[in-house]
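Peer 1: Take a look at this one; I'll ask things after.
The values are calculated or read from the model by the stated rules, or taken from the named source; none is laboratory data. Remember, it's a predicted structure, so these values are computed and weren't measured experimentally. Glycine also receives a Cβ, built like all others from the backbone with ideal geometry; neighbour counts cover every protein chain displayed. Heads up: the accessible areas ignore ligands, DNA and RNA and are worked out on the full protein's heavy atoms, side chains in. Shrake-Rupley method; radii C 1.70, N 1.55, O 1.52, S 1.80 Å.
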Amino acid sequence: MVYKWPSPKRAHFSENKPKRAQISNNKKKHKKYSSLLFMVHPFGCFLSGILQGKLGKKRCMIIANVPSIVGWALLYSAESSTFLCASTLLMGFSTGFGPGSTSSYVGEISEPRLRGSLSSLGSTATRVGTLLTYVLGSFFGWRTVAMLSAICPIVCICLIVIIPESPVWLVAKGKNDKAEKAMCWLRGWVEPEMVRHEFLELIHYNEVSGTRGSKGHVEKKKGLLAKLAEFKEPSVYRPMKLMMALFFVSNVVSLFHTRPFITKIMTNIYIVDNQNELLVILTALTGLGSIIATVSVHRVGKRVLTFTTLSVNIVMLMSLGVYIIATKDNIIEPLPSVSLTLLSCIYFIGACGISCMPWMLLIEIFPNKSRGIATSMCTALAYIILFSLTKSYLSIEIYLSLEYTMILFGCIGLIGLIYFYFSLPETENKTLLEIEEYFATN
């Protein structure tokens, strides 16, 4: 009788098969878990649009922070995947619920000369918060970071309680006295005589925009179907179309949808060492770019800022694609410094304008009577666009390869540049009524 040893290949395969299956299952679970955040975004946005007209912007901003507090608390005390999923769902809902009411509020309380700068503070705060999370994560454990993060929405609620409700919403509800007091508070605790002219313009704006009758009667409450029917009006669907194009192009040319795969991209373009430190640097660059956009938008205008940053990023994306092709064909030697410079420029220049621009325009581009539901729906669609781009990126890269994917993104930016040249108006220093009339008549 001859003893036969098991085949090494078969033994190796049978031994590792459960491990491979386990890894595959873990990847599937990770994908499902990461998708939870995006699944509830649109629902939160849609609900915010419905409640803004009934509860007001201030109450909606307070409500938006409550699920975030509970979500961070669940994450801090998580002992199972159920807690993690519940935490993600709550924070995803909060992230979707908040931007619509916040954008509407900032747009309605701001003077035309400050509206662009104030609207960009949201993007700046997001990037600074991300950078702060990276820094905290390098010193503390994730539970401690979750506990510290819960302080932010608590402080936010305390600050929102202090500020007044939007004067535009108060006038639409017939509360003129409260609206006048709110405007005095927002303009620096001044006397009513100092804001009399602006307040009369506000009443006229409400009458013209259809949220208040010409004789001072409050408009009758509209149902959900009536509000959705307003999307057929040119003053709503024209800016909506522009915003969808702007969100799509800005995500593509600033590589925002590739952030989950940035370490893979860095490895493919020969940036192998110190990737964690470089991620912090790239995040800091985007924060710095957002600050520059906040400071410069009032001086140069939104059109110039959009065209300049979009054009530079188109060149950078094309250059990155050509550089990768040249290194693969052994035309030039791969240099990590060149790759890092191109990638840093894309992140930094994008944050200086084109990636902030959709959020700047969102607060002012829709008419008063539809602003709540329109901004919320636009935010929901923006999250869906980002989710779709993120989900499809790896498939596109596998099909085209990284170099031609970058060139494709540059071509998309070029098409967007042509479209925005003819479609994007200059809204800086324009009143909300002037912007509304532009889209209604052009």
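Peer 1: Looking only at residues in region 233-273 that are without any contact (Cβ under 8 Å) to a residue 60 or more places away in the chain and among the polar types (S, T, N, Q), which one is surrounded by the most Cβ atoms within 10 Å (Cβ to Cβ)?
Peer 2: Restricting to residues being without any contact (Cβ under 8 Å) to a residue 60 or more places away in the chain and among the polar types (S, T, N, Q), the top hit is Thr263.
Peer 1: The conditions are (1) in contact (Cβ under 8 Å) with a residue 40 or more places away in the chain; (2) in a helix (DSSP H, G or I); (3) surrounded by fewer than 20 Cβ atoms within 10 Å (Cβ to Cβ), and Asn276 fails exactly one of them. Which is it?
Peer 2: (1)
Peer 1: Could I ask something else about it? Restricting attention to region 411-442, which residues are in a helix (DSSP H, G or I) and among the aliphatic types (A, V, I, L, M)? Quick ask: steps written out before the conclusion?
Peer 2: Residues of region 411-442 in a helix (DSSP H, G or I): 411-423, 432-441.
Residues satisfying the conditions are Ile412, Leu414, Ile415, Leu417, Ile418, Leu432, Leu433, Ile435, Ala440.
Peer 1: Between Glu201, Glu230, which is open to solvent by 50 Å² or more (accessible area, probe 1.4 Å) and either within 30 Å of Phe307 (Cα to Cα) or modelled with pLDDT under 90 (or both)?
Peer 2: Glu201
Peer 1: Next up: Given the criterion under 21 Å from Ile63 (Cβ atoms), loosely packed, with under 14 Cβ neighbours inside 10 Å and at pLDDT 85 or above, identify the matching residue among Cys158, Cys152. If you could, list the steps in order and put the result at the bottom.
Peer 2: Working: Cys152 fails: loosely packed, with under 14 Cβ neighbours inside 10 Å.
The match here is Cys158.
Condition check ((1) open to solvent by 20 Å² or more (accessible area, probe 1.4 Å); (2) more than 30 Å from Gly137 (Cβ to Cβ); (3) in contact with a His (Cβ under 6 Å, 6 or more places away or on another chain)) across all residues:
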{"site": "Lys54", "(1), (2), (3)": "yes, yes, no"}
{"site": "Lys57", "(1), (2), (3)": "no, yes, no"}
{"site": "Met61", "(1), (2), (3)": "no, no, no"}
{"site": "Gly71", "(1), (2), (3)": "no, no, no"}
{"site": "Leu74", "(1), (2), (3)": "yes, no, no"}
{"site": "Gly98", "(1), (2), (3)": "no, no, no"}
{"site": "Val106", "(1), (2), (3)": "yes, no, no"}
{"site": "Ser110", "(1), (2), (3)": "no, yes, no"}
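Peer 1: Follow-up. Which of (1) open to solvent by less than 20 Å² (accessible area, probe 1.4 Å); (2) touching a residue at least 60 places away in the same chain (Cβ under 8 Å); (3) over 10 Å from Gly350 (Cα atoms); (4) among the hydrophobic types (A, V, I, L, M, F, W, C) is the odd one out, the single condition Leu310 does not satisfy?
Peer 2: For Leu310, the exception is condition (3).
Peer 1: So is Glu191 open to solvent by 60 Å² or more (accessible area, probe 1.4 Å), modelled with pLDDT of 70 or more and within 25 Å of Ile373 (Cα to Cα) or not?
Peer 2: On the way: open to solvent by 60 Å² or more (accessible area, probe 1.4 Å): yes; modelled with pLDDT of 70 or more: yes; within 25 Å of Ile373 (Cα to Cα): no.
No: the conditions fail for Glu191.
Peer 1: Just to be sure, is Ile418 of a type outside the set (Phe, Trp, Tyr) and free of Cβ contacts under 8 Å to residues at least 60 places away in the same chain?
Peer 2: Details: of a type outside the set (Phe, Trp, Tyr): yes; free of Cβ contacts under 8 Å to residues at least 60 places away in the same chain: yes.
Criteria met by Ile418.
The rows are residues; the columns are (1) assigned to a helix (DSSP H, G or I); (2) closer than 30 Å to Met61 by Cβ; (3) open to solvent by 10 Å² or more (accessible area, probe 1.4 Å).
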| residue | (1), (2), (3) |
| --- | --- |
| Val297 | yes, yes, no |
| Leu305 | yes, yes, yes |
| Val338 | yes, no, yes |
| Leu343 | yes, no, no |
| Met360 | yes, yes, no |
| Ser370 | yes, yes, no |
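Peer 1: Sticking with this one: Could you check Leu285 against (1) open to solvent by less than 40 Å² (accessible area, probe 1.4 Å); (2) in contact with a helix residue (DSSP H, G or I) (Cβ under 6 Å, 6 or more places away or on another chain) and say which number it fails?
Peer 2: The one condition Leu285 does not meet is (1).
Peer 1: Taking region 416-426 as the search range and keeping residues that are among the hydrophobic types (A, V, I, L, M, F, W, C) and within 22 Å of the chain's Cα centre (by Cα), which one is most open to solvent (accessible area, probe 1.4 Å)?
Peer 2: Of all residues in region 416-426, those among the hydrophobic types (A, V, I, L, M, F, W, C) come to 417-418, 420, 422, 424.
Within this subset, residues satisfying the condition of being within 22 Å of the chain's Cα centre (by Cα) are 417, 420, 424.
Values: Leu417: 39, Phe420: 0, Leu424: 5 Å².
The qualifying residue most open to solvent (accessible area, probe 1.4 Å) is Leu417.
Peer 1: Limited to region 346-356, what total is found for residues that are within 12 Å of Ser311 (Cα to Cα) and either open to solvent by 20 Å² or more (accessible area, probe 1.4 Å) or touching a strand residue (DSSP E or B) at 6+ places or on another chain (Cβ under 6 Å) (or both)?
Peer 2: Counting residues in region 346-356 that are within 12 Å of Ser311 (Cα to Cα) and either open to solvent by 20 Å² or more (accessible area, probe 1.4 Å) or touching a strand residue (DSSP E or B) at 6+ places or on another chain (Cβ under 6 Å) (or both) gives 1.
Peer 1: Is it true that some residue in region 396-410 is open to solvent by less than 40 Å² (accessible area, probe 1.4 Å), within 23 Å of Tyr323 (Cβ to Cβ) and assigned to a loop (DSSP other than H, G, I, E, B)?
Peer 2: Looking for residues that are open to solvent by less than 40 Å² (accessible area, probe 1.4 Å), within 23 Å of Tyr323 (Cβ to Cβ) and assigned to a loop (DSSP other than H, G, I, E, B), one finds at least one in region 396-410, hence yes.
Peer 1: Here is a follow-up. Considering only region 107-166, give the helices (runs of 4 or more DSSP H) lying wholly within it that have at least 2 residues that are small (Gly, Ala, Ser).
Peer 2: On the way: elements: 112-139, 142-149, 151-162.
Answer list for region 107-166: 112-139, 142-149.
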